[in-house]
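Every read-out reported here was derived from the displayed coordinates using simple, explicitly stated rules and does not represent laboratory data. All of these numbers come straight from a predicted model, not from anything done at the bench. Note that each Cβ is placed from the backbone with ideal geometry, even for glycine, and that neighbours are counted across all protein chains shown.
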Amino acid sequence: MFAHIHILIFSLSIILTSGLIQAQAAPATDEHATVEVTPSSLLTLKTQKGICYQLEHKQTAASSWQTVGDPILGTGKDIVRHLTTAADSDGKNYRLRKLTKQWVMVWRDEFNGKQLDPSKWAREENGYGGGNNERQFYSTDTKYCHTKDGKLNISVYRDPHTTVDGKTQPYSSARIRTLHRAQWKYGRFEIRAKMPDGQGIWPAVWLLPTRSPYGGWASSGEIDIIESRGSEVGKTTGALHFGGPWPRNTYLAGEYSFPEKNAAQDYHTYTLEWNENQIIWAVDGVTYQTISKEQWHSEKAPGNPSAPFDQPFHLIINVAVDGRFFQATKQNSSLLPDKAFPQTLLVDYVRVFQWAQ
């Protein structure tokens with residue numbers, strides 16, 4: 001789709017008050033924005049809620065505009081940006097460019113830090129099999145989830161763990177989520193990752209509703225972006241779960257087969273695009289499944305064709321072991337030798353985009 005870019009060029013009037021230099025923008029449209037610049041390189045951006053912007057800067061009047069940081073999703077409140085270069089004394093060399101008719105990145109994690117970013121991810125602790133008879137204990141220990149060389153590592157070890165009420169699992173792993181940190185209603189989700197290949201090992205990247213307005217699982221929906229079935233790394237699956245509460249729930253799923261290097265031999269880019277009318281799955285730019293709203297339903301909201309996939313969802317990344325996902329196969333992690341562990345999911349990045357109207 002052709003991307004139309006509408007540039008808001010501001011005429012600036014400068015007011016100096018108590019050491020703060022305020023650049024007030026007066027665009028030709030009805031939209032208003034303010035950029036405030038302090039000598040300490042602190043910018044305060046006044047934006048409209050739901051509007052996507054790109055902050056830009058130029059060194060001199062004759063210079064070309066250069067982007068500063070990631071795109072900004074307007075909140076209707078002040079957004080503060082700290083700059084790495086000295087701010088201009090009058091603010092005239094900054095502008096906000098409105099982004100329209102294109103995908104705009106609104107959230108990402110490149111996993112370049114020395115540790116998992118706690119402002120983006122929460123670690124879970126759970127040892128009860130996820131309702132699927134899985135055999136892992138999700139630990140918050142960094143042994144099972146950490147960043148290294150710009151990659152997220154989620155690893156399964158053959159480390160038994162017993163919970164305080166006596167439930168024992170033969171494996172330990174990790175599960176992280178963006179709950180209470182980030183959520184999205186519609187968007188484009190892009191994950192570059194490399195899968196483990198042990199039988200019975202179940203890595204997944206998926207979405208759950210932050211709230212459950214249509215009822216418990218799976219009434220309020222589940223969106224599976226990536227599910228890799230153990231040693232069957234020549235293919236990957238994506239699925240939707242919906243309908244009524246268990247056991248009246250149902251699902252739709254599709255499968256992609258890798259033409260060359262499989263999911264464990266190389267990194268691949270997994271993409272999901274989600275809007276009110278349909279959800280689309282792709283691998284390395286190749287679409288392999290599209291599910292439209294005519295194909296899903298909500299038992300609780302039969303008059304709403306977009307339900308239950310019309311609510312904010314949050315991201316989850318985990319590696320499970322065994323369970324019902326393998327019941328139609330002969331895979332069993334117990335057949336793996338000890339030297340096959342750890343089994344590790346490697347994630348290069350997670351990026352989330354939203355469509356700028």
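Could you calculate the FRET efficiency of Ala122 with Lys58 from 1/(1 + (r/R0)^6), where r is the beta carbon distance between them and R0 is 41 Å, rounded to 0.05? Here the calculated transfer efficiency is 0.55.
Modelled spin-label separation between Thr75 and Val286, with each label point placed 7 Å from Cα along the Cα-to-Cβ direction: 4.2 nm. Scattering from the C-alpha atoms of region 148-196 alone, worked out with Debye: what is log10 I(q)/I(0) at q = 0.29 1/Å? Per q value, in the given order, log10 I(q)/I(0) is -1.17. Set the Cα radius of gyration of region 216-357 against 2.2 N^0.38 Å, with N its number of residues, and you get 1.15.
When the scattering of region 251-321 is computed by the Debye formula from its Cα atoms alone, each counted once and equally, what is log10 I(q)/I(0) at q = 0.12, 0.14 Å⁻¹? These q points yield log10 I(q)/I(0) values of -0.44, -0.58.
Residues within the reach of a label modelled at Trp217 (point 7 angstrom out along Cα to beta-carbon, backbone nitrogen below 15 Å), restricted to region 111-145, are 124-138.
The value obtained for the chain, namely the Cα convex hull volume divided by the number of residues, is 179 Å³ per residue. Set the bar at 28 Å for Cα to Cα. Now go through Lys261/Lys293; Lys46/Lys114; Lys148/Lys235 and name every pair that lies beyond it. Beyond 28 Å between Cα atoms: Lys261/Lys293; Lys46/Lys114. Can you give the percent of C-alpha pairs in region 286-357 whose distance is more than 18 Å? In whole percent, the share of Cα-Cα pairs in region 286-357 beyond 18 Å is 70. Fewest neighbouring Cβ atoms within 10 Å first, the residues Lys58, Lys114, Lys120 line up as Lys114, Lys58, Lys120. On a straight-distance basis, which lysines could pair with Lys58 in a cross-link, Cα separation under 16 angstrom, same-chain partners fewer than 8 positions away excluded? Partners found: Lys92.
Taking packing as the residue-averaged number of other Cβ atoms within 10 angstrom, the listed peptides 295-306, 220-231, 193-204 run from highest to lowest as 193-204, 220-231, 295-306. Across region 78-171, the volume of the C-alpha convex hull divided among the residues equals 205 Å³ per residue.
Of Val347, Val283, Val68, the residue with the greatest mean-square motion in the GNM of the chain, using alpha carbon springs below 10 Å, is Val68.
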